[in-house]
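Trainee: Input: one structure, supplied below.
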């Protein structure tokens, strides 16, 4: 919980910087589920792809390094599994659902900026074999996530 609070407070500080210039206008895709820590997940059968939302990458600034787990590593819903370093700060990445890492986006080693330029496509982080598909019910759909972001931006 302390790590989640730390991430939330970091994101909040970024929001103060950019919200003054514009309101919420991030891209939110309909076929994904979203965590309140600003990660997305696309579930396809027993596999799931994770990434950072457009909203999060926008507030992080230019991503310069991405730390990801090794293949075979187990991740748990709500737990940190890596980190994103931007020009502003380093932030933990939290797992939207539990599973075992079956693929890591190696392209991010050479091109971490893909997280910024293509957060839902080329900038994905890891793929996991889902251990509990029911966990997805705890996540937000696109409509709820958009509203969550608008409310969060309005507070800062």
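Trainee: Quick one: what pairs do we get from region 51-76, first residue at positive phi and at pLDDT below 95, second in a strand (DSSP E or B) and surrounded by 19 or more Cβ atoms within 10 Å (Cβ to Cβ), C-beta under 9 Å, 6+ apart or different chains?
Mentor: Between residues of region 51-76 that are at positive phi and at pLDDT below 95 and residues that are in a strand (DSSP E or B) and surrounded by 19 or more Cβ atoms within 10 Å (Cβ to Cβ), the close pairs are 61/86.
Trainee: So which residues in region 81-113 are surrounded by 18 or more Cβ atoms within 10 Å (Cβ to Cβ), under 13 Å from the mean Cα position of the chain (by Cα) and not in a loop (DSSP other than H, G, I, E, B), if there are any at all?
Mentor: Answer for region 81-113, where residues must be surrounded by 18 or more Cβ atoms within 10 Å (Cβ to Cβ), under 13 Å from the mean Cα position of the chain (by Cα) and not in a loop (DSSP other than H, G, I, E, B): 81, 82, 84, 91, 93, 94.
Trainee: Regarding residue 58, is this residue assigned to a loop (DSSP other than H, G, I, E, B), more than 17 Å from residue 104 (Cα to Cα) and under 12 Å from the mean Cα position of the chain (by Cα)?
Mentor: Details: assigned to a loop (DSSP other than H, G, I, E, B): no; more than 17 Å from residue 104 (Cα to Cα): yes; under 12 Å from the mean Cα position of the chain (by Cα): yes.
For residue 58, the condition - assigned to a loop (DSSP other than H, G, I, E, B), more than 17 Å from residue 104 (Cα to Cα) and under 12 Å from the mean Cα position of the chain (by Cα) - is not met.
Trainee: Among the residues of region 38-54, which ones are surrounded by fewer than 18 Cβ atoms within 10 Å (Cβ to Cβ) and assigned to a strand (DSSP E or B)?
Mentor: Hits for region 38-54 are 42, 44, 47.
Trainee: Run down 151, 143, 129 and say which single residue is farther than 18 Å from residue 83 by Cβ, modelled with pLDDT of 95 or more and either more than 14 Å from the chain's Cα centre (by Cα) or in a loop (DSSP other than H, G, I, E, B) (or both).
Mentor: Checking each option against the conditions leaves just 129.
The values are calculated or read from the model by the stated rules, or taken from the named source; none is laboratory data. Computed from a prediction, not measured in an experiment: that's the story for all the values here. Don't worry about glycine lacking a Cβ; one is built from the backbone with ideal geometry, like all the others, and counts go over all protein chains shown.
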